[in-house]
Amino acid sequence: MDSLLIKGGVPLHGEVTISGAKNAVLPIMAATLLTSEPCEIRRVPGLSDVRFMGQILTWLGAQVEFADGAVRIQAKKIKGAGDYDLIRKMRGSICVMGPLLGRLKKATVSLPGGCVIGARPINLHLKGFEALGAKVVIEGGYVHASARRLVGSAMFLGGRAGSTVLGTANVMMAAVLAEGVSVIESAACEPEVVDLAKFLTAMGAKITGAGSPTITITGVKELHGAEHEVIPDRIEAATYAIAAAATDGEVILRGARPEHMHAVLDKLTDSGVKVERHKSGLKVRRNGRLKPIDITTLPYSGYPTDAQAQIMALMALTPGISIITERIFESRFMHVSELARLGADIEIEGPSAIVKGGKPLSGAPVMASDLRASAALVIAGLAAKGTTQVNRVYHIDRGYENIDGKLRQLGARIQRVEES
Ligand code: EPU
């Protein structure tokens with residue numbers, strides 16, 4: 001298993017290009033199942049999750065071709081059941097269910113389990129499919145949804161923690177080929193949902209309200225092939241912005257979209273980081289001493305859970321007490337014990353982490369537990385004295401394109417150590 005070896009203490013300087021958004025491209029790739037015509041998606045990040053979605057679509061019968069940062073997909077003839085083990089491996093693959101149901105009126109996928117960040121149920125996805133008239137049965141580890149016809153209807157998809165991103169995407173993808181009008185209330189407002197709606201619209205779907213809590217979909221008979229360029233990854237951009245602040249550097253985030261990052265940029269500004277619009281994106285640098293801040297993760301446009309671990313690494317370096325409350329996933333604090341190995345002083349109390357920041361961090365061997373936890377460990381390692389070895393780096397390759405190469409370009413001393 002590969003690991004990353006980081007010699008910390010070097011301020012990051014220079015420009016980094018933000019890749020396409022993982023959480024936008026995965027449902028968009030799944031949406032290509034809605035038509036037999038060819039689709040082309042551009043600004044596709046080179047990530048293991050994206051290659052994995054390619055394998056799932058291939059298994060379902062689609063032709064998938066990656067080339068030059070794009071993917072061409074044609075799903076001429078497809079089957080309605082996903083491979084048990086393939087789908088189970090990546091939670092994001094649940095979003096093939098909506099398109100399969102929309103096009104074939106039947107879908108069978110393995111029930112995704114929980115993961116280290118929380119239970120991750122799919123009850124709201126299934127509630128939406130049922131509202132469209134599908135019968136849903138869970139049997140033998142599979143979830144089967146089928147309908148003679150899908151009929152548009154009004155539904156409320158709010159849950160315990162608010163809206164659901166992939167649930168909204170999934171139901172939207174089934175509803176585009178339903179008869180009549182569907183209205184999703186308490187829909188997720190994330191930019192990735194808006195990007196998916198844009199792609200579906202380019203395929204001939206009729207959708208209004210994406211980006212707001214009420215999405216209205218008027219079903220059409222069929223969709224056609226389309227081209228699309230995926231939005232830049234706001235979480236990758238947030239990660240490099242936080243890394244620049246943590247190392248007291250100055251970084252230009254080429255292609256970053258500030259309009260997708262209000263909550264993160266606002267919190268960075270509060271903590272004493274200077275964020276400026278730049279002709280090619282955003283410029284981020286430290287503005288004197290860092291200040292502690294309190295953060296609660298929320299659905300968009302609140303502070304994203306996917307950037308919670310990274311800001312915790314920054315707050316560990318910031319003198320004073322910061323309180324970080326996680327409201328989306330109940331156990332997304334796996335990075336706390338690993339940050340402690342570097343010398344961070346963090347206590348967990350219920351859904352909050354109390355960060356007593358400002359203690360000097362020093363390098364240590366640490367273990368990545370999930371994608372964003374790994375990013376937090378890399379940030380802490382970049383700022384720590386001495387050498388940090390981040391093990392199980394495959395987690396980071398799921399969601400950060402060429403992270404070691406990009407950081408090296410910014411001056412970081414980081415090496416990938418391949419284990420045979
Ligand atoms: N929830 C339910 N029932 C459901 C679905 C969700 O109760 O049927 C709950 C979840 O347990 C959670 C909350 O609703 O408490 C929000 O979960 P959501 O469904 O929005 O998460 P997701 O769609 O499965 C996507 C991203 C995650 C990101 C979350 C929240 C993809 C592939 N994944 O997951 O990304 O954290 O939205 O923004 O889009 C990551 O990139 O590291 C990552 C985990």
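Below, the figures for the structure above:
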| item | result |
| --- | --- |
| The stretch 212-250, residues that are β-branched (Val, Ile, Thr), in contact (Cβ under 8 Å) with a residue 60 or more places away in the chain and either open to solvent by 10 Å² or more (accessible area, probe 1.4 Å) or closer than 18 Å to Thr318 by Cβ (or both) | Thr218, Ile231, Thr239, Ile242, Thr247 |
| Hits in the stretch 157-202 (condition: within 14 Å of the ligand (Cβ to nearest atom), free of Cβ contacts under 8 Å to residues at least 40 places away in the same chain and assigned to a loop (DSSP other than H, G, I, E, B)) | Leu157, Gly158, Arg160, Ser186, Ala187 |
| Close pairs from the stretch 389-408: first at positive phi, partner hydrophobic (A, V, I, L, M, F, W, C) and away from the ligand (no atom under 14 Å from the Cβ), Cβ under 8 Å, at least 6 apart | Arg392/Met1; Arg392/Met367 |
| Test set (1) open to solvent by 10 Å² or more (accessible area, probe 1.4 Å); (2) touching a residue at least 60 places away in the same chain (Cβ under 8 Å); (3) over 16 Å from the mean Cα position of the chain (by Cα) - Ala316 fails condition number | (1) |
| Segments classed as strands (runs of 3 or more DSSP E), wholly inside the stretch 322-420, with at least 3 members that are among the hydrophobic types (A, V, I, L, M, F, W, C) | 352-357 |
| Only one of Ile122, Ile94 that is within 15 Å of the ligand (Cβ to nearest atom) and touching a residue at least 60 places away in the same chain (Cβ under 8 Å) | Ile94 |
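Every residue, every condition in (1) part of a helix (DSSP H, G or I); (2) out of contact with any strand residue (DSSP E or B) (no Cβ under 6 Å at 6 or more places or on another chain); (3) farther than 16 Å from Ala174 by Cβ, yes or no:
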site	(1), (2), (3)
Lys79	no, yes, yes
Gly92	yes, yes, yes
Gly102	yes, yes, no
Ala107	no, no, no
Arg120	no, yes, yes
Phe129	yes, no, no
Ala145	no, no, no
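Table: residues versus (1) within 12 Å of the ligand (Cβ to nearest atom); (2) out of contact with any helix residue (DSSP H, G or I) (no Cβ under 8 Å at 6 or more places or on another chain); (3) at pLDDT 95 or above.
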{"site": "Pro292", "(1), (2), (3)": "no, no, yes"}
{"site": "Thr297", "(1), (2), (3)": "yes, no, yes"}
{"site": "Gln308", "(1), (2), (3)": "yes, no, yes"}
{"site": "Ala313", "(1), (2), (3)": "no, no, yes"}
{"site": "Thr318", "(1), (2), (3)": "no, yes, yes"}
{"site": "Ile323", "(1), (2), (3)": "no, yes, yes"}
{"site": "Arg341", "(1), (2), (3)": "no, yes, yes"}
{"site": "Ile354", "(1), (2), (3)": "no, yes, yes"}
{"site": "Leu361", "(1), (2), (3)": "no, no, yes"}
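The values are calculated or read from the model by the stated rules, or taken from the named source; none is laboratory data. Note that the coordinates shown come from a computational prediction; the quantities given were computed from them, not determined experimentally. As a convention, Cβ positions derive from the backbone with ideal geometry for all residues, glycine included, and neighbour counts pool all protein chains shown. These accessible areas exclude ligands, DNA and RNA; they are computed on the full protein's heavy atoms, side chains included. Shrake-Rupley method; radii C 1.70, N 1.55, O 1.52, S 1.80 Å.
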